[in-house]
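Asks: Have a look at this one.
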Ligand code: SF4
């Protein structure tokens, strides 16, 4: 069976690739994740997958598209329900590519994470399969999540700290803390007089050395 596998990141792909190969299916990887932000994070995950695909001899198709603005516009009025849009964006492009390029089926590594909305991913995958006339290869990869993550760590893969979108980054780092705080005044700390004297002495020494070198070489003083 010719299967196109949407890959959200290298660590999540570890178990999915291994388990499909154990079934005799050689997947082709598909990178399409415009919902990962900010760009530096997007690039880290993409580049890690590029390297990992080489390591495990996986053919990878990259549709490189960073989509912060489009995604934020799309979910702005229902931020808490954004995951359905996020799955649909990524899986629809996978289904479209697979249908247009002669694949029998498509699947996604999103099915490996116990933190994702697994049933929702399945429903969206099956709806898209019907829409584009191609099979959604459903597997409950969650059984291998821990194993895959351990192998990813051992292999030194880049391990992300949050799901992907800019909102999930906020949830990860400032959940349970007030987002709006009253202004506070932060005064400079008093400088330790001994430390100040040392800094002044070091500056004076540096200036004396520079002057000495200038006189020795006959250079004109720098005009500022
Ligand atoms: S939390 Fe994760 S699945 Fe949900 S919208 Fe953000 S990146 Fe997508």
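Asks: Given the structure, is residue 140 touching a strand residue (DSSP E or B) at 6+ places or on another chain (Cβ under 8 Å), loosely packed, with under 15 Cβ neighbours inside 10 Å and modelled with pLDDT of 95 or more?
Replies: No, not satisfied.
Asks: Hey, among the residues in region 69-82 that are out of contact with any helix residue (DSSP H, G or I) (no Cβ under 7 Å at 6 or more places or on another chain) and either within 13 Å of the ligand (Cβ to nearest atom) or touching a residue at least 12 places away in the same chain (Cβ under 8 Å) (or both), which one's farthest from residue 170 (Cα to Cα)?
Replies: Step by step, filter region 69-82, then rank; the result is 70.
Asks: Looking at region 104-117, is at least one residue under 30 Å from residue 28 (Cα atoms) and over 23 Å from the mean Cα position of the chain (by Cα)?
Replies: Within region 104-117 (the criterion being under 30 Å from residue 28 (Cα atoms) and over 23 Å from the mean Cα position of the chain (by Cα)), the answer is yes, since at least one residue qualifies.
Asks: What residue, of 107, 94, 40, 59, is out of contact with any strand residue (DSSP E or B) (no Cβ under 9 Å at 6 or more places or on another chain) and at pLDDT 95 or above?
Replies: 40
Asks: Count, please, the residues in region 11-35 that happen to be crowded, with 23+ Cβ neighbours inside 10 Å and in a helix (DSSP H, G or I).
Replies: Result for region 11-35: 7.
Asks: Let me ask you something else. Residues being without any contact (Cβ under 8 Å) to a residue 60 or more places away in the chain, closer than 14 Å to residue 108 by Cβ and out of contact with any strand residue (DSSP E or B) (no Cβ under 6 Å at 6 or more places or on another chain): count how many of those fall in region 1-37.
Replies: Number satisfying all stated conditions: 1.
Asks: Can we say residue 47 is surrounded by fewer than 16 Cβ atoms within 10 Å (Cβ to Cβ) and in contact with a helix residue (DSSP H, G or I) (Cβ under 9 Å, 6 or more places away or on another chain)?
Replies: no
Asks: Within region 143-177, restricting attention to residues that are more than 15 Å from the ligand (Cβ to nearest atom) and within 16 Å of the chain's Cα centre (by Cα), which residue is nearest to residue 112 (Cα to Cα)?
Replies: Looking at the filtered set, the residue picked out is 149.
Asks: Could we say that residue 40 is within 16 Å of the ligand (Cβ to nearest atom), in a helix (DSSP H, G or I) and either farther than 18 Å from residue 151 by Cα or under 16 Å from the mean Cα position of the chain (by Cα) (or both) here?
Replies: yes
Asks: Quickly run through region 15-36 and pick out the residues that are farther than 14 Å from residue 160 by Cβ and in contact with a helix residue (DSSP H, G or I) (Cβ under 8 Å, 6 or more places away or on another chain).
Replies: The answer is 15, 16, 18, 19, 26, 27, 29, 30, 31, 32, 34.
Asks: Let me ask something else. If I ask for residues that are outside any helix (DSSP H, G or I) and surrounded by 13 or more Cβ atoms within 10 Å (Cβ to Cβ), which ones from region 50-62 would you list?
Replies: The answer is 56, 58, 60, 61, 62.
The values are calculated or read from the model by the stated rules, or taken from the named source; none is laboratory data. What you see is a predicted model, and the numbers here were worked out from it, not measured in a lab. Because the Cβ atoms are built from the backbone with ideal geometry, glycine has one as well, and the counts that use them run over all protein chains shown.
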